[in-house]
Amino acid sequence: MSRRKNPRRSHARAGVDWPVTIASGNATLEGKIKNISRGGALIYLAKNLEVHEQIRLAIEIPEFEDVISAKAEVVRTSSAITDNNLTSYAIAVKFTEISNEDLRYFTGNIAVEWQDDNEESTPHTTINSLIRKIGYIFTICCVIFIIFYLLQLNSKYQVEEKRIEQLKNKIGIIESKIKESKEIEQYITDLEKNINTIEGQLVSINNKFINLVTIKKIQHQTDYVEEKIEKINHSVKSSRQTEIVLTPLNKKKSVFLYYVVKRGDNLYRIGLKHGITVNKIKELNNMSQDESIYPGQKLIVGWKL
């Protein structure tokens, strides 16, 4: 769309190519607007019109899908050749009735040159333009504020996201330490069980050791008593005292006296019970010095006279 300003014209014109529908009397014509201004327009039609003829216009604007309605008067006509070598008529019209809204549309969106002209002719244009500018500024400020707010919100979100990630890491460390403490606690429990087991075993070993020491003491005391008895018997033999039980007058006519060993018996107790020494029992039963007795064993412990 071209713009031009002729010093001879009172209003600046803008070159356009808009479809227009003209109502003239009872007839309806289709044409094209080739240029337009705040005061009128140049229309190409296939049919000529009369000068001073009053017409109604319906101007279509394809770029904005809008229609401008106006009344106009034919001021001059001439023939012209179109691009397709077809003869048409150039009809110059002057607007006689058009709304301020449509004029504001022209001044605000079509031709910058018209703004000065329109401001001179319409007092409200300055206020409306100021209101529009304030609205534009307010809209831009709102957009800037929203962008700034979104940036701040995004920054806060990133900070919170980092904090959440740090908290997750700390929670993971705490969970791992709790797991390790549970493992250590289980290890300590197992160790306590092992210590208790070892203590029980030590107590058992101690009891066995005490029993063994007691047995050793009893055996030592028994050996000591047997040794004393041996000495006494030896003293008796030396004094030629007759041991009736052990040395009968006639062995051939005597009968052996037997004893069956019971659980818990020993040679000392058996000899003490039957009045015979340990060595004599071993001698009568052909036993060696380190040979032991057992339950159920049948021993010779003397003679029946």
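One table, with the values for the structure above:
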| quantity | calculated |
| --- | --- |
| Estimated FRET transfer efficiency (ILE195, TYR294; beta-carbon r; R0 41 Å; 0.05) | 0.45 |
| For VAL301, distant residues with modelled amide H under 5 Å away | LEU257, TYR258, TYR259 |
| Over 27 Å between alpha carbons, listed pairs LYS217/LYS282; LYS231/LYS273; LYS208/LYS280 | LYS208/LYS280 |
| VAL159-LEU272 pseudo-label distance in nm [points 7 Å out on the Cα-to-Cβ vector] | 10.0 |
| Neighbourhood charge, 13 Å Cβ-Cβ cut-off, centred on LEU57 and excluding it, Lys, Arg +1 and Asp, Glu -1 | -2 |
| Per-residue Cβ neighbour rank within 10 angstrom, fewest leading, THR222, THR87, THR77 | THR87, THR222, THR77 |
| Amide H within-cut-off set for VAL75, under 5 Å, with H built and near neighbours excluded | HIS52, ALA92, VAL93, LYS94 |
| At most 11 other Cβ within 10 Å, DSSP loop - GluC sites (Glu not before Pro), region 34-74 | GLU50, GLU63, GLU65 |
| Formal net charge of residues neighbouring ALA27 (Cβ-Cβ distance under 13 Å; K, R +1; D, E -1) | -1 |
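FYI, it's all coordinate maths here, none of it is from the lab. Please read these numbers as outputs of a predicted model, since none were measured by experiment. Positions of Cβ are backbone-derived with ideal geometry, glycine not excepted, and every protein chain shown enters the neighbour counts.
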